[in-house]
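Engineer: Take a look at this one; I'll ask things after.
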Amino acid sequence: MVKKNITIVDVAERAGVSKTTISRYLNGKYEFMSQESREKIARIIEELGYRPNNLARGLKSKRSRLIGVLVSDISSPFSSILLKGIGDCCERYGYGVLITNSNDNPRKERDYILSMMDQRVEGLIINTTGQNDEFLQQIAKNGVPIVLADRGMDETIFDTVRTADEAVTAEVMEHLKERGFSRVGWFSQPVNNGTRKLRQKAYRNACRDILKIEPQEYILEDDDPLKVEGQIRKFFAANPGERIAIYTGNGVATLYVVKALQRMGLQWPDDLGLCGFNNWDWTELVGGGITVVSQPSYRVGHECVKRLMARIHRNRHAKARMIELDCRLILRRST
């Protein structure tokens, strides 16, 4: 049996609305459409498996129906979850996605953005390297809407969707204090982007306000276990007789630290405590589980698309917004 080609008429009939209403939904024109109607249409589109003919629509409207997405490290589990959120939401709006990976290289980031513009993307979602701020502002002046995913700038120049790191860092420090840890060291990859800067600031504030101690920071340049081990030894040497804990700046730093601790034969929570970002699958399997900050990475992607659609279809000149999504502290054996 040949599967019927689902059309916009089929969607309209199932939803009980006009073809014009479905067309307005697909084009992001929600001015006279209730939230309930939008959710109903999205659900029916998904149930029927309807796929808009973006080529035909693009030729008619002279629009590409494409969104450019650039991540800084596609090998990171954060990126894969972020991309799923972006892809799922773009599908509901009838947009395709072009994905590139800068590998944290600012030159590649610039080149890929220009390449995406040549392919007439209607907007960009960027998990930036943090080293092309002026370039991004120039691109925006050329009329390309931009939303930053997770990694923002010092000023809210673009719509930015990120996690509420300051609040959850305070929660982490309160927990470590209750568990009797008297010194907490911050272990991070190089602080060269907006997210790492904000997390570093949150750590410093929490040390002084909650633990009443001076911050102790250790930068992990790469995943060489010997180098990471050296930083951990420095932390121990600086705090003789103290009950210490390590707080990592992201999931990659957590992995670096875990590898080094295993090499050193140290165990948590007896020898030290360990807590950090992110709630990746392996974190609950190692050493009875690692206490982690769980980020809503999927929601970050989803909200980025919603902000970009608002820019494209409603008001390109609206004031930039900083959207912070709540994190969740998951307590495990390591603390």
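Engineer: List the pairs whose first member sits in segment 182-194 and is within 30 Å of residue 157 (Cβ to Cβ) and without any contact (Cβ under 8 Å) to a residue 60 or more places away in the chain, whose second member is open to solvent by 10 Å² or more (accessible area, probe 1.4 Å) and among the basic types (Lys, Arg), and whose Cβ atoms are under 6 Å apart, counting only residues at least 6 apart or on separate chains?
Structural biologist: 191/197
Engineer: Let me ask another. Quick check, is residue 81 modelled with pLDDT of 90 or more, part of a loop (DSSP other than H, G, I, E, B), more than 17 Å from residue 310 (Cβ to Cβ) and open to solvent by 50 Å² or more (accessible area, probe 1.4 Å)?
Structural biologist: For residue 81, the condition - modelled with pLDDT of 90 or more, part of a loop (DSSP other than H, G, I, E, B), more than 17 Å from residue 310 (Cβ to Cβ) and open to solvent by 50 Å² or more (accessible area, probe 1.4 Å) - is not met.
Engineer: Given (1) modelled with pLDDT of 95 or more; (2) in contact with a helix residue (DSSP H, G or I) (Cβ under 6 Å, 6 or more places away or on another chain), where does residue 294 come up short, assuming only one miss?
Structural biologist: (2)
Engineer: Can you find a residue that is within 30 Å of residue 125 (Cβ to Cβ), surrounded by 19 or more Cβ atoms within 10 Å (Cβ to Cβ), in contact (Cβ under 8 Å) with a residue 12 or more places away in the chain and not aliphatic (A, V, I, L, M) anywhere in segment 311-319?
Structural biologist: Taking every residue of segment 311-319 in turn, at least one turns out to be within 30 Å of residue 125 (Cβ to Cβ), surrounded by 19 or more Cβ atoms within 10 Å (Cβ to Cβ), in contact (Cβ under 8 Å) with a residue 12 or more places away in the chain and not aliphatic (A, V, I, L, M).
Engineer: Among the residues of segment 114-128, is any modelled with pLDDT under 95 and closer than 23 Å to residue 191 by Cβ?
Structural biologist: Within segment 114-128 (the criterion being modelled with pLDDT under 95 and closer than 23 Å to residue 191 by Cβ), the answer is yes, since at least one residue qualifies.
Engineer: Does any residue in segment 70-97 that is more than 18 Å from residue 129 (Cβ to Cβ) come within less than 9 Å, Cβ to Cβ, of a residue that is crowded, with 19+ Cβ neighbours inside 10 Å and among the basic types (Lys, Arg) six or more places away or on a different chain, and which pairs are these?
Structural biologist: From residues that are more than 18 Å from residue 129 (Cβ to Cβ), the pairs are 93/65; 94/65; 95/65; 96/65.
Engineer: Taking only segment 131-148 into account, find how many residues are in contact (Cβ under 8 Å) with a residue 60 or more places away in the chain, open to solvent by 20 Å² or more (accessible area, probe 1.4 Å) and closer than 26 Å to residue 189 by Cα.
Structural biologist: Count: 1.
Engineer: Still on this structure, please answer the following. Among the residues of segment 111-145, what is the count of those that are closer than 18 Å to residue 305 by Cβ and under 15 Å from the mean Cα position of the chain (by Cα)?
Structural biologist: Result for segment 111-145: 5.
Engineer: Let me ask another. Pick out the one residue from 211, 220 that is more than 25 Å from residue 126 (Cβ to Cβ) and in contact (Cβ under 8 Å) with a residue 12 or more places away in the chain.
Structural biologist: When all the criteria are applied, what remains is 211.
Engineer: Also, I was wondering about something else. Six or more apart or on different chains, Cβ under 8 Å: which pairs go from a residue in segment 252-273 that's touching a residue at least 60 places away in the same chain (Cβ under 8 Å) and within 17 Å of residue 180 (Cα to Cα) to one that's part of a helix (DSSP H, G or I) and open to solvent by less than 30 Å² (accessible area, probe 1.4 Å)? Could you list them?
Structural biologist: Note: pairs meeting the criteria are 268/261; 273/176.
Engineer: Let me ask something else about it. Before we move on, is residue 61 modelled with pLDDT of 85 or more, open to solvent by 40 Å² or more (accessible area, probe 1.4 Å), out of contact with any Phe, Trp or Tyr (no Cβ under 8 Å at 6 or more places or on another chain) and among the hydroxyl-bearing types (Ser, Thr, Tyr)?
Structural biologist: no
Engineer: Now, a different point. Scan segment 291-335 residue by residue and report those that are over 21 Å from the mean Cα position of the chain (by Cα), within 20 Å of residue 254 (Cβ to Cβ) and among the polar types (S, T, N, Q).
Structural biologist: Matches in segment 291-335: 334, 335.
Engineer: Identify, from the list 287, 301, 241, the residue that is in a loop (DSSP other than H, G, I, E, B) and in contact (Cβ under 8 Å) with a residue 24 or more places away in the chain.
Structural biologist: 287
Engineer: Considering only segment 247-283, state which residues are more than 20 Å from residue 222 (Cβ to Cβ), in a helix (DSSP H, G or I) and touching a strand residue (DSSP E or B) at 6+ places or on another chain (Cβ under 8 Å).
Structural biologist: Within segment 247-283, 283 is the sole residue that qualifies.
Engineer: For residues that are within 20 Å of residue 192 (Cα to Cα), outside any strand (DSSP E or B) and β-branched (Val, Ile, Thr), tally how many sit in segment 114-131.
Structural biologist: So the answer is 2.
Engineer: Confirm whether residue 193 is open to solvent by less than 30 Å² (accessible area, probe 1.4 Å) and closer than 26 Å to residue 89 by Cβ.
Structural biologist: yes
The values are calculated or read from the model by the stated rules, or taken from the named source; none is laboratory data. The structure presented is a predicted model; accordingly, all values stated were derived computationally and were not measured. All Cβ positions, glycine included, derive from the backbone under ideal geometry; neighbour counts span all protein chains shown. Ligands, DNA and RNA are excluded from the accessible area calculation, which covers all protein heavy atoms including side chains. Shrake-Rupley method; radii C 1.70, N 1.55, O 1.52, S 1.80 Å.
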